[in-house]
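J.: Let me begin by handing over the structure; questions about it come next.
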There are 6 protein chains.
Amino acid sequence: MTLNQLGVVKRNIVRADSAAVEKLSKFGVATIHEAMGRVGLMKPYMRPIYLGARICGTAVTILLQPSDNWMMHVAAEQLQPGDVAVAACTTDSFDGFFGDLLATSFQARGARGLIIDAGVRDVDELEKMGFPVFSRAIHAKGTIKATLGSVNIPVICAGTLVNPGDVVIADADGVVVVPAAMAREVADAAEKRESFEGEKRDKFAAGVLGLDMYKMREPLEKAGLKYID
Amino acid sequence: MTLNQLGVVKRNIVRADSAAVEKLSKFGVATIHEAMGRVGLMKPYMRPIYLGARICGTAVTILLQPSDNWMMHVAAEQLQPGDVAVAACTTDSFDGFFGDLLATSFQARGARGLIIDAGVRDVDELEKMGFPVFSRAIHAKGTIKATLGSVNIPVICAGTLVNPGDVVIADADGVVVVPAAMAREVADAAEKRESFEGEKRDKFAAGVLGLDMYKMREPLEKAGLKYID
Amino acid sequence: MTLNQLGVVKRNIVRADSAAVEKLSKFGVATIHEAMGRVGLMKPYMRPIYLGARICGTAVTILLQPSDNWMMHVAAEQLQPGDVAVAACTTDSFDGFFGDLLATSFQARGARGLIIDAGVRDVDELEKMGFPVFSRAIHAKGTIKATLGSVNIPVICAGTLVNPGDVVIADADGVVVVPAAMAREVADAAEKRESFEGEKRDKFAAGVLGLDMYKMREPLEKAGLKYID
Amino acid sequence: MTLNQLGVVKRNIVRADSAAVEKLSKFGVATIHEAMGRVGLMKPYMRPIYLGARICGTAVTILLQPSDNWMMHVAAEQLQPGDVAVAACTTDSFDGFFGDLLATSFQARGARGLIIDAGVRDVDELEKMGFPVFSRAIHAKGTIKATLGSVNIPVICAGTLVNPGDVVIADADGVVVVPAAMAREVADAAEKRESFEGEKRDKFAAGVLGLDMYKMREPLEKAGLKYID
Amino acid sequence: MTLNQLGVVKRNIVRADSAAVEKLSKFGVATIHEAMGRVGLMKPYMRPIYLGARICGTAVTILLQPSDNWMMHVAAEQLQPGDVAVAACTTDSFDGFFGDLLATSFQARGARGLIIDAGVRDVDELEKMGFPVFSRAIHAKGTIKATLGSVNIPVICAGTLVNPGDVVIADADGVVVVPAAMAREVADAAEKRESFEGEKRDKFAAGVLGLDMYKMREPLEKAGLKYID
Amino acid sequence: MTLNQLGVVKRNIVRADSAAVEKLSKFGVATIHEAMGRVGLMKPYMRPIYLGARICGTAVTILLQPSDNWMMHVAAEQLQPGDVAVAACTTDSFDGFFGDLLATSFQARGARGLIIDAGVRDVDELEKMGFPVFSRAIHAKGTIKATLGSVNIPVICAGTLVNPGDVVIADADGVVVVPAAMAREVADAAEKRESFEGEKRDKFAAGVLGLDMYKMREPLEKAGLKYID
């Protein structure tokens, strides 16, 4: 499977370890991105279509052709419970590739949501169904079914490489992709980071300054910071 | 009345049939756009100013000059119960042309909302009043009252031609314009489409795949789609 | 203190009169901007990170370097109850400079919120904490702590000059800056304006047209407006 | 022929009077737009693909589907010497719909250039051929030939209505559309305007101020302008 | 004179020392910006309207109202030989506020060019006249003359504060503003920097690496950089 | 080497076959992209900084941190004659990461140009030196040298995956990446495609229509296209 190869569907993909996915689902996107060493984020134009949308699952990737959602139906068959559909497009396209009918199908397959570097529609219905979507656009414009893309190949979605089986986590801060092979390690690192954050939060709440907690006063002085009255 | 003609107000316009408007109000923008043959949508940068905003009514069109809302007051007098004000501008302008005072006036005239290819302000008050607005910007910047535009001439709003009397429907998926003469036909087509969608939704919910429901397997194979393991 | 001077922290700033700040907190951004003579607004790309966010307080200004939030910690120490942190950046940068830990620290200092011409993260937590933020982006991307900016110097934030101590008011319509020396006068003018608006609103609600209330019919006719049937 | 109707080609269109087109070709876009009463301009994102590109001719309109240039070939047959192809798209699409092969075909038919609210490619070759194009994007991305649009129906191109046969003029300042029926009148008005401009230019060059030439000092004073030292 | 004050024209402004302006004119924008400590740049959306445009002179500032160029004529009278007109607008506006007639007037007054945070037109003529302009848009759209702005007050142009009399330098890399009081010092610093750059350029051309010239190998190793084969 | 790994420099990379690179250098970006099956293009916001810029060579990849060009100096040492520097950034950043000094160094190493998903400066000097650059921005803003990125790891540049050693071709139509292992095959396919284009061009020039050359009349009729008079 090469990046962006057209006309193929891979049926057997190696999904990230389900315990690791479960563990990752407890952390926010910012925490996981930090735990990975500050990589793996999609571009910030990816936004939830409704307030409170949140997703964590294993990626079934879709490469779409512009204004054509044929591959969405092909992808439906490859979805398993716990999966997240991750759709990229061969060029910038803002139409509504996905709506409540496809969401019903995806939900029936057990999918947990959709990440799409393009547009979607029927967003009120999607909210009512509780089917979370993160997209770059909302647009009622319909699409055709005429040209082949692919399913379960590596794709670049919103500036980030996604391999089928990777873990994708999305919340109000954005979308992050954890390679399947790193899922456990990242989940552990996120857990550790979160525990430290709890301590820090308590100190900040008690009025301790970051200047003191992180011992910044000396490096700031060395860097030349001047206080004046 | 020619497109973008300046300095005129047409008093008598032919509004779309009220029964058709009523019927159209039951369908979503995506459905109506499909029922029209996938035309009539405004650009996707038009967004509701509050969650849940929805409009359906007959267009009273307004051609504004940049950063000048004089014609809003002229338009108020032409509004009748069931109308939607549809405001275009002679050039890109993002100021707040409309706020709670004008909304009070429009609401007193029976208007159902505003579609404006520019900015608005007082959006919290507009939500409290229940006066729905779809705009391209929210901006507190005030406007002047110095230059003539027009009311009830054909205008191009967010990339779509709107004639006075056309039906305008707006929801979370965007804004669609149905020419007055087509209102009944489109309402019927939307109804038919919606009924088919109900059946499809049930099948999808039961786990039937689009691949089978739409008999896509053969055309996909002909197009050269390969399944690999 | 000169505009954009790097590497300095001013400790003693003159904050706007607290009674004037209190009075200004009762008015909306659009009203205050009008009361000042239609100046002082930030660019409309500044948006609240959650529904209902509202801020009014005195500015502690921060000049950030791109993708570097070191100065946020320096600023924390300068915050007093009633202050609003106002962060500009030496160049366009969309990363998440601020999250729930810094918000905990700022809140512990008594800060009322943050205005930032860049990105923030942990927005769900910020909402839960009730710490309002207006930003140009939401992005999980972390920042470094390596380069000096400044605190409490004049900065240009989202196209508007902000001096430390100025009053900053933010609501759903945007963000407005009132120079400290004008705070009382503007608060009075806003009050007067608001009282007039109440009268006007009642008239509009009763069906009086702006054409008549503002005596526009004659100037419109002079400008050449034609009514046709 | 209705706006945006799909699947039709109109063979006989009424082109603007050729003498008027010839006359209009002598004036710039800014002058013609002023002569029409400040209407008819396309959005400013339409830019020439090479320095010095200029077009004046009668419109053969094309409605494209996104990422699909099938209708370009259909349009080629309808082009006559002196025509300009004007291509709109049913949704935002930035691919390269047009390159040197189609340009060779269009040029062989006598077409004077292309205005396209989408992308083009082979721009170096187009410059060498002397085939001027104004577009919203340059992109090497190829398109398919799968879906019907239309030729010679009214279209909205870059925010402006274009009817087949209208005069389209493009230069470094942008693109303007003159309805066929107004071509003569606008050409005359442009000529008159240009002659006045010559006089004004001479006066300005001689040091006369606009303040005096246009007698602005009194109205400025009335408006309240204060001079201070 | 306060920032953005409306309705005033200041006649006597203190222009930067002419020798310093002359000296600054020899350096590029990037060099001057570095010599000032990396401040003073306008946003990168400001671009020359023709290839090779370059400006250096003292600012006469103009505050425009949207789509209204009345103040351009007021400003003409305040221009002296060696000045550069610097125009800001009270809100985002992309129309053509300036064309060849005003340029003729400005040129007759001895102005060296225009920096405008808005649009201009007649760009081919401006190039022929050799009147350089840096703007955020090119648009044929005409403007009105109805509302007061100001001349020679402090303005924020493309994100940067400009006081009347400041030195403004523009070239292919952008636009930089040097406060009048700092002009000499910055010119000297730029000269020194440029002389160092000559040496460095020779070394780079001879194949010396920056790694060695700037002694970066040790700090890179300390920072943890790993070389692998 | 994993995608976006920080803090590493790979010294030995496998460059694409030089004969294939040489052959690819004869074709345009649009032709090569078609020969690859319509994949491999960067986003269309990547533009040449001067007219006529063209690049073909093997990629040395650079992962930059925002507003930090330290890795540019590290990369210089890895450049060999025939290479093209391809710089990505861990987040959106528009500053001037590269100017004439670095270009002198890169040119001394034999590099053929730079592709950068960020900003550059000194563009006039770069043109004089004949050092071609394709970038997303031009900005005089300087950068720091404080944080580690990497050299010669896989990066995503302007939406496209680039591995070190891949062939990168850039011209007025954009930028395309050919994986090293496919270079020969793609060069051959481009050659074949170009030869067919010559024939087609001659036919188009002789007045043959695409409708006939590509036998489109029947499929268009089947698709339902109607001709009307």
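J.: For a Förster distance of 25 Å, can you work out the FRET efficiency between the beta-carbons of residue A:145 and residue B:22, rounded to the nearest 0.05? All intermediate terms of the calculation are to be shown ahead of the outcome.
T.: Details: r = 33 Å, r/R0 = 1.33.
With R0 = 25 Å, the Cβ-Cβ based efficiency is 0.15.
J.: Grab the residue from chain F whose Cβ hugs the F-to-C rotation axis most tightly, plus its distance in whole angstrom.
T.: Smallest Cβ distance to the axis, with its residue: F:146, 2.
J.: Among bridges DSSP assigns within chain A, what percent are antiparallel (round to 5)?
T.: Values: 18 of 36 bridges.
The antiparallel proportion sits near 50 percent.
J.: In whole angstrom, how far apart do the alpha carbon centroids of region E:121-181 and region F:188-229 sit?
T.: The distance from the Cα centre of region E:121-181 to that of region F:188-229 comes to 49 Å.
J.: Say a label goes 7 Å from Cα toward Cβ at residue C:181 in every copy; what distances in nm does this one have to the rest, shortest first?
T.: In ascending order, 1.5, 6.1, 6.5, 6.5, 7.0 nm.
J.: How high is the relative contact order of chain C, in percent, with contacts defined as C-alpha pairs under 8 Å that are six or more residues apart?
T.: On the way: 504 pairs, mean separation 70.0, N = 229.
Answer for chain C is 31 percent.
J.: Taking each residue in C:67-80, count the Cβ atoms of any other chain within 10 Å of its Cβ, then average. What number comes out? Don't jump to the answer; show the numbers that get you there.
T.: On the way: counts 10, 6, 1, 7, 2, 1, 9, 8, 2, 5, 6, 1, 1, 0.
That works out to 4 on average.
J.: Let me ask something additional. Hey, what number do you get for chain D at 222 nm if only DSSP H runs of n ≥ 4 count, each worth -39500 (n - 2.57), divided across all residues, to the nearest 500? Mind showing how you got there, number by number?
T.: Working: 8 runs with 73 residues, N = 229.
Helix-only estimate at 222 nm: -9000 deg cm²/dmol.
J.: Also: Mind listing the long-range amide H neighbours of residue B:39? Cut-off is under 5 Å, sequence gap 5 or more, other chains count too, H placed in the peptide plane at 1.01 Å from N.
T.: For residue B:39, no residues qualify.
J.: Within 10 Å of each Cβ of E:92-101, how many other protein chain Cβ atoms are there on average? Show your work: numbers first, answer last.
T.: Values: counts 13, 7, 8, 8, 8, 0, 0, 6, 6, 8.
Across E:92-101, the average partner-chain Cβ count within 10 Å equals 6.
J.: Find every distance from the label point of residue E:213 to the corresponding label point in the other copies (7 Å from Cα along Cα→Cβ) and write them in nm, one decimal, shortest first.
T.: Its label point is 4.3, 5.1, 5.1, 6.5, 6.8 nm from the equivalent points in the other copies.
J.: Only Cα pairs within less than 10 Å get springs; with that Gaussian network setup on chain C, which residue of C:206, C:111, C:85 has the largest fluctuation?
T.: C:206
J.: Okay, next question. Take each of the peptides A:2-11, D:209-218, average the number of other beta-carbon atoms within 10 Å over its residues, and list them starting from the highest. Don't skip to the end; give the middle numbers.
T.: On the way: A:2-11: 17.1, D:209-218: 14.8.
The peptides rank, most packed first, as A:2-11, D:209-218.
J.: How many nm separate the modelled label positions at residue E:213 and residue B:229, each set 7 Å beyond the Cα in the direction of the Cβ?
T.: 6.0
J.: Who wins for biggest fluctuation among A:106, A:196, A:204 in a Gaussian network model of chain A, springs between alpha carbons below 10 Å?
T.: So, out of A:106, A:196, A:204, the one fluctuating most is A:204.
J.: Show me the three semi-axes of the equivalent ellipsoid for the protein assembly as shown, from the C-alpha gyration tensor (sqrt of 5 times each eigenvalue), largest first, rounded to whole Å. Write down the numbers at each step before the final one.
T.: Numbers: eigenvalues 339, 338, 251 Å².
Ellipsoid half-lengths, sorted descending, are 41, 41, 35 Å.
J.: Further question on the same structure: Which percentage, to the nearest 5, of the DSSP beta bridges contained in the protein assembly as shown is antiparallel?
T.: Numbers: 111 of 237 bridges.
Within the protein assembly as shown, antiparallel bridges account for around 45 percent of the total.
J.: Could you tell me whether region A:1-92 comes out rounded, prolate or oblate from its Cα gyration tensor? Rule is a ≥ b ≥ c as square roots of the eigenvalues, rounded for a/c under 1.5, then prolate if a/b exceeds b/c, otherwise oblate. Before the final figure, lay out the partial values.
T.: On the way: a/c = 1.75, a/b = 1.40, b/c = 1.25.
Since a/c reaches 1.5 and a/b is larger than b/c, the shape of region A:1-92 is classed as prolate.
J.: Students often get this wrong, so check it: of D:43/F:145; C:222/E:141; A:10/A:43; A:226/E:215, which have C-alpha atoms separated by over 32 Å?
T.: Numbers: D:43/F:145 41 Å; C:222/E:141 25 Å; A:10/A:43 27 Å; A:226/E:215 28 Å.
Going by Cα-Cα distance, D:43/F:145 fall outside the 32 Å limit.
J.: Would region C:183-229 count as rounded, prolate or oblate if I go by the C-alpha gyration tensor, calling it rounded below 1.5 in a/c and otherwise prolate when a/b exceeds b/c, oblate otherwise? Please report the intermediate quantities before stating the final value.
T.: Numbers: a/c = 5.17, a/b = 2.03, b/c = 2.55.
Oblate, since a/c reaches 1.5 and b/c is not below a/b.
J.: If you count, for every residue in D:45-52, the Cβ atoms of partner chains within 10 Å of its Cβ, what is the mean?
T.: Numbers: counts 4, 0, 1, 0, 1, 2, 5, 1.
Across D:45-52, the average partner-chain Cβ count within 10 Å equals 2.
J.: Calculate one ³J(HN,Hα) per residue across region E:212-229 by plugging θ = phi - 60° into the Karplus curve 6.51 cos²θ - 1.76 cosθ + 1.60, and present them in order as whole Hz with x for glycine and proline.
T.: Coupling constants for region E:212-229: 8, 4, 9, 6, 8, 4, 5, x, 5, 5, 4, 6, x, 5, 10, 9, 10, 10 Hz.
J.: Apply the a/c threshold of 1.5 to the C-alpha gyration tensor of region D:32-140 and tell me whether it is rounded, prolate or oblate.
T.: On the way: a/c = 1.31, a/b = 1.19, b/c = 1.10.
Taking the square roots of the gyration eigenvalues as a ≥ b ≥ c, region D:32-140 is rounded.
J.: Of the DSSP beta bridges with both residues in region C:46-141, give the percent that are antiparallel, rounding to the nearest 5. Intermediate values should be presented prior to the final figure.
T.: Values: 3 of 19 bridges.
Antiparallel bridges make up about 15 percent of those DSSP assigns within region C:46-141.
J.: While we're looking at this one, here's another question. How far, in degrees from 0 to 90, does helix F:183-205 lean away from the longest principal axis of the Cα atoms of chain F, to the nearest 10?
T.: 40
J.: Another question, then. Placing the label point 7 Å from Cα along the Cα-to-Cβ direction, what are the distances from residue B:193 to the equivalent spots in the other copies, shortest first, in nm to one decimal?
T.: When each copy's label point is compared with this one, the spacings are 3.6, 4.1, 4.4, 4.4, 5.9 nm.
No lab work stands behind these numbers, since they all come straight from the coordinates. Not measured: the values here are computed from a predicted model. FYI the Cβ positions are ideal-geometry reconstructions off the backbone, even for glycines, and counts take in every protein chain you see.
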